[in-house]
Amino acid sequence: MFARALLALLVLPGVAAFVLPALIAGIDPWSQGSLLWGVPILVIGVFVLSWCVRDFYTSGKGTLAPWSPPKELVIVGLYRYCRNPMYVGVLTIIVGWALTLGSPLIGMYVLVLGIAFHVRVVRYEEPWLLSRFPERWETYCESVPRWLPVFRRN
């Protein structure tokens, strides 16, 4: 299963958060060059994504890939504060790239990707999770917001 998890990480967020921004930056005529103050944001995004992938693997007993999804509902780690922290991590990485490379086209890409993520979550993932984990999913949705994290004392 580790090999499947690694492959899913490289293929899915790897392409969206690393390969495509590099390609976009290469064709962006408005790029301002290197602005290193975006690097900390990129690093935070990598940390968030890595944490979520680990939780999918250890707690969910699966991967982030649709062909090998978690067998258990993942509600630990960052998933206690936001229902979609993995997507938030990917978007944060791309924002980091946009700022680091001074690329308005990467900035537009992150907006389009954010909309695509939202549509995917609402139309596909949430109905699938409701059908797979009916009681737990409803309770989870009542207490954890979809996108913007809410940090509460336990």
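The values are calculated or read from the model by the stated rules, or taken from the named source; none is laboratory data. The structure presented is a predicted model; accordingly, all values stated were derived computationally and were not measured. With ideal geometry, Cβ positions are generated from the backbone for all residues, glycine too; neighbour counts draw on all protein chains shown.
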Completion exercise
Within the stretch 39-74, of all residues that are at pLDDT 90 or above and of a type in the set (Gly, Ala, Ser), the one surrounded by the fewest Cβ atoms within 10 Å (Cβ to Cβ) is 50
Problem - Test: residue in the stretch 79-95 that is touching a Leu at 6+ places or on another chain (Cβ under 8 Å), of a type in the set (Ser, Thr, Tyr) and under 13 Å from residue 17 (Cβ atoms) - result: yes
Exercise for the section: Kindly establish whether residue 121 is assigned to a helix (DSSP H, G or I) and either more than 11 Å from the chain's Cα centre (by Cα) or modelled with pLDDT of 90 or more (or both). Expected result: yes
Exercise for the section: Sort through 114, 89 and tell me the only one that's surrounded by fewer than 18 Cβ atoms within 10 Å (Cβ to Cβ), under 11 Å from the mean Cα position of the chain (by Cα) and within 28 Å of residue 138 (Cα to Cα). Expected result: 114
Exercise for the section: Kindly indicate whether any position in the stretch 76-87 is in contact (Cβ under 8 Å) with a residue 24 or more places away in the chain, of a type in the set (A, V, I, L, M, F, W, C) and part of a loop (DSSP other than H, G, I, E, B). Expected result: yes
Fill in the blank from the handout: residue 138 fails exactly one of (1) modelled with pLDDT under 95; (2) out of contact with any helix residue (DSSP H, G or I) (no Cβ under 8 Å at 6 or more places or on another chain); (3) surrounded by 10 or more Cβ atoms within 10 Å (Cβ to Cβ), namely (2)
Handout entry: Given (1) assigned to a helix (DSSP H, G or I); (2) loosely packed, with under 15 Cβ neighbours inside 10 Å, number of the condition residue 30 does not satisfy
Key = (1)
Exercise for the section: Report yes if residue 131 is among the small types (Gly, Ala, Ser) and either within 27 Å of residue 19 (Cα to Cα) or within 12 Å of the chain's Cα centre (by Cα) (or both), otherwise no. Expected result: no
